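The values are calculated or read from the model by the stated rules, or taken from the named source; none is laboratory data. Being a predicted model, the structure only gives us computed values, none of them experimental. Cβ sites come from the backbone with ideal geometry, for glycine too, and all protein chains shown count toward neighbours.
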C-alpha cells in the first residue's frame with residue numbers, strides 16, 4: 001500500500017498509531033533532525049512487527065530488504081496476529097470524488113538541447129500523483145449543447161486546482177502547492193470534435209502560468225533560502241464524455257513547458273532551469289491503488305479557497 | 001505480510017545535500033528494553049540464576065528476526081543467564097556480543113517467597129519505592145537509580161547515527177527483569193505506584209518496550225510493553 005507518511009506521523013487514529021508503531025521500528029525510528037520524517041518503505045506483519053525498512057530509490061537495496069523481510073516473515077509469521085482488524089474510526093474524512101473525475105498524474109522532464117543534469121537517477125526521474133475533481137467540475141468541460149464546434153470553459157475551480165496543486169514540479173520530489181497568488185493565468189477550454197451515440201469527444205486546450213518565490217529555512221543548519229519558481233504550461237489533450245453515465249470514459253491531457261527554480265523538498269537545487277517539463281493526466285481506474293489521494297489533498301484549499 | 005511505501009522526498013542517491021550541522025544534532029539515546037524470555041519458574045530448589053526453558057530459548061531465537069534490533073550498536077543485559085540468553089541470538093546474528101552488567105540486573109528479592117507474600121512485597125515495591133519492601137529486597141527507587149545510571153553511562157558509547165541527510169538516536173538493547181524495568185520506567189515517566197504495579201502484572205515473557213532518552217529533556221515512551229508480537 002502507498003501512504004502519505006507526513007499526516008500519519010501525528011494522525012490521532014488507529015491508522016496513524018499503526019503507522020507510527022511500524023515506523024518506530026524502522027530506519028528513521030526516533031528521528032527528529034533535521035526533520036521528523038518517517039518516509040520510506042516498510043514491510044511488517046499485520047500486527048505491526050516491522051520486518052524490514054529503508055528509504056531508497058535504488059532497486060538493489062530495496063530487493064535486499066524485501067528478501068530479508070521475507071526470511072523474517074518465515075520465522076515470525078506463525079506468531080503474527082491473525083485476527084481481523086477492529087472498527088476504524090477515521091480521523092480524516094474521505095474526500096474521494098465518487099462519480100467525479102479521478103486522474104493519474106505523471107511528471108517527468110522533457111528532452112533538452114543542452115543537458116547538464118548529473119547522469120544518475122535525476123536524469124531519468126519521474127513521479128506519480130492523483131488529481132481529484134467533482135462530477136460537477138468535470139462536466140464544466142462538456143459544452144452544452146454538444147454539437148461539433150461547440151466550446152466550453154473549465155470551471156475556475158477546476159483550472160485553479162489543476163494549476164496550484166497538480167502543475168507542481170514533483171518530478172524528483174515533493175514540492176509545496178503553489179500559493180494562490182502564483183496563478184498568473186489559468187485557462188482550460190474544450191471543443192466538441194465529434195459526437196457518436198452517447199459519446200462526445202472534446203479537444204482540450206489551455207495555458208496555466210505559475211510564478212512564485214519559495215522561501216524556507218533548512219533545518220539542518222538554520223540557513224534561509226529562496227528560489228524564484230515558475231512553470232509556464234501549455235495544455236493540450238482529448239477526452240471522451242459518456243452522456244448516459246455522466247462521466248469521462250477517456251481523458252488525456254498534457255501540460256508541458258519550461259519550469260524553473262527549486263523548493264526545499266523537490267531535489268532541484270542543481271537544476272534551476274528554465275528547462276522543459278511535462279505533467280500528463282489520464283483517467284485512473286477504481287482499484288484501491290487508484291484511489292490513493294492526491295499528495296496535497298490535505299491542504300486546506302485543495303477543494304476551494306475561502307470565499 | 002504488509003508492504004507500506006511512504007512518500008520519499010529525501011535524497012537517496014547522488015550528491016549529498018549540504019548543511020547538516022553536527023552541533024545541532026539532538027543527543028538522544030534509544031533504549032529497546034527487553035523483559036527476558038520464559039525462564040524456569042522460581043521456587044523451592046530452583047537455582048537463583050534461573051535458565052531459559054525450551055520455550056524461552058525459542059522465544060529468544062524469534063527475537064533475533066526483529067527489525068527493531070537492526071540499528072542497535074550495543075546489546076546489554078543483567079548478569080542472569082535468562083537475560084543474557086534472551087538477547088544472545090539477536091546479538092550474535094548481528095556480529096555482536098551481549099555485554100552483561102551487574103547494574104542492569106533484576107531487583108534483588110531475597111529469595112523465593114510464597115505467592116501471597118510476594119504479591120504484598122511487590123505492591124510495596126511499586127507503591128513505596130523509597131522503602132525496602134521486604135527483607136532482602138532492593139527498594140524500587142534504588143533499583144531505578146542504579147539501572148538508570150548505568151543506562152545513562154551507555155550514552156557516550158552510543159551517540160546518534162548521523163549521515164549526510166539525517167540523524168537518528170543511538171540505539172541499545174537492554175534485557176533485564178520485569179521489576180527493575182518497570183521501576184525504571186515508572187521513575188523516568190512519572191508513573192504512579194498503581195500504574196507501575198499494573199504494568200508489571202501485564203508483562204509477558206519476553207516483552208519489549210522502546211524509550212527515547214533525550215539529553216536534558218523528559219524521556220519519551222515510544223512503544224509500551226505489551227504492544228509488539230513477541
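General observations
- Note on region B:207-230: residues that are closer than 20 Å to residue B:75 by Cα and away from chain A (no Cβ under 12 Å) total 2.
- Some residue of region A:115-123 being crowded, with 18+ Cβ neighbours inside 10 Å and in a loop (DSSP other than H, G, I, E, B): no
- Being within 12 Å of chain A (Cβ to nearest Cβ) and touching a strand residue (DSSP E or B) at 6+ places or on another chain (Cβ under 7 Å) holds for only one residue in B:71, B:66, and it is B:71.
- On inspection, residue B:110 passes the criterion of being free of Cβ contacts under 8 Å to residues at least 40 places away in the same chain, more than 14 Å from chain A (Cβ to nearest Cβ) and farther than 14 Å from residue B:175 by Cβ.
- Flag for residue B:87 being under 30 Å from residue A:53 (Cβ atoms) and either surrounded by fewer than 20 Cβ atoms within 10 Å (Cβ to Cβ) or within 14 Å of chain A (Cβ to nearest Cβ) (or both): no
- So residue A:160, is it within 14 Å of chain B (Cβ to nearest Cβ) and farther than 30 Å from residue A:196 by Cα: no
- Selection over region B:83-107 of residues that are farther than 19 Å from residue B:158 by Cα and touching a residue at least 60 places away in the same chain (Cβ under 8 Å) gives a count of 6.
- Within the span defined as region B:192-206, one or more residues are surrounded by 18 or more Cβ atoms within 10 Å (Cβ to Cβ), closer than 26 Å to residue A:46 by Cα, at pLDDT 95 or above and within 13 Å of chain A (Cβ to nearest Cβ).
- Matching residues in region A:120-140 - criterion: being within 11 Å of another protein chain (Cβ to nearest Cβ) and in contact with a helix residue (DSSP H, G or I) (Cβ under 8 Å, 6 or more places away or on another chain): A:129
- Residue match in region A:159-177 (condition: over 20 Å from residue A:283 (Cα atoms) and not in a loop (DSSP other than H, G, I, E, B)): no
- Any hit, region A:288-302, residues being away from chain B (no Cβ under 14 Å), more than 30 Å from residue B:23 (Cβ to Cβ) and in a strand (DSSP E or B): no
- Residue in region A:207-215 that is part of a strand (DSSP E or B) and exposed (fewer than 14 other Cβ atoms within 10 Å of the Cβ) present: yes
- Residue match in region A:223-233 (condition: out of contact with any strand residue (DSSP E or B) (no Cβ under 8 Å at 6 or more places or on another chain) and not in a strand (DSSP E or B)): no
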